[in-house]
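Below is one structure, written out as structure tokens; comments come after it.
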Amino acid sequence: MKVRQILDSKGGDVATITPDRTIGDAIGELGRRRIGSLVVVDEGGNLVGILSERDLVAQMAEHGLDLTQSHVRDLMTSNVVTCQPDDDVTAVTIKMTDGRFRHVPVVDRGRLIGLISIGDAVKARINELEHEREALRDYISSG
Ligand code: AMP
């Protein structure tokens, strides 16, 4: 299965934030949307980082609870692993488990077109296995 097939079913909506916004803004956005990460883009929409709830927790563990006046650029990960729509979902899942992160932005010709989470990848794999199981069952019962 390709990354493109996941985006076809879930859509290409990506929650983004700019690096100059405060962590208070980011927490508000994560909470309102009930999500675990924000893709960080500059004013031109170019991907410059990713900020996850993990980054917030790690920072709080080290520096205390009040992060609200820090900025997204201070806590984000800049070296972002991305994937392309034609990539295989299994290969992307391996990247996530090896790198110990749960989100991968999808980039097509330099443009951000979606985001795959580990949950999306697992759901897609379960659906795929279910279809295979049904096809096998039909094949056996038709013989
Ligand atoms: P996550 O498991 O995705 O919530 O993130 C765990 C850690 O990995 C955090 O420090 C994130 O900033 C970082 N991270 C998340 N996604 C990516 C990615 N695609 N590439 C590089 N780092 C990431």
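Just so you know, all these numbers are worked out from the coordinates, no wet-lab data involved. Treat the numbers as computed from the prediction; the structure is a model and nothing was measured. With ideal geometry, Cβ positions are generated from the backbone for all residues, glycine too; neighbour counts draw on all protein chains shown.
In the stretch 89-119, which residue that is within 12 Å of the ligand (Cβ to nearest atom) and among the charged types (D, E, K, R) is surrounded by the fewest Cβ atoms within 10 Å (Cβ to Cβ)? Across the stretch 89-119, the extreme among qualifying residues is ARG100.
Applying the condition of being closer than 18 Å to VAL80 by Cα and polar (S, T, N, Q) to the stretch 16-27 and asking which residue is nearest to the ligand (Cβ to nearest atom) yields THR16. Just one of the listed residues (ASP13, ASP86, ASP74) is within 14 Å of the ligand (Cβ to nearest atom) and of a type in the set (Asp, Glu), namely ASP74. Entry remark, the stretch 100-114: residues being part of a loop (DSSP other than H, G, I, E, B) and either among the hydroxyl-bearing types (Ser, Thr, Tyr) or within 11 Å of the chain's Cα centre (by Cα) (or both) number 2 in total.
Each row is one residue, and each column tells you yes or no for (1) of a type in the set (Val, Ile, Thr); (2) within 10 Å of the ligand (Cβ to nearest atom); (3) under 22 Å from LEU115 (Cα atoms); (4) not in a loop (DSSP other than H, G, I, E, B).
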residue	(1), (2), (3), (4)
GLU29	no, no, yes, yes
GLU43	no, no, yes, no
GLY49	no, yes, yes, yes
ASP55	no, yes, yes, yes
ALA61	no, no, no, yes
THR68	yes, no, no, no
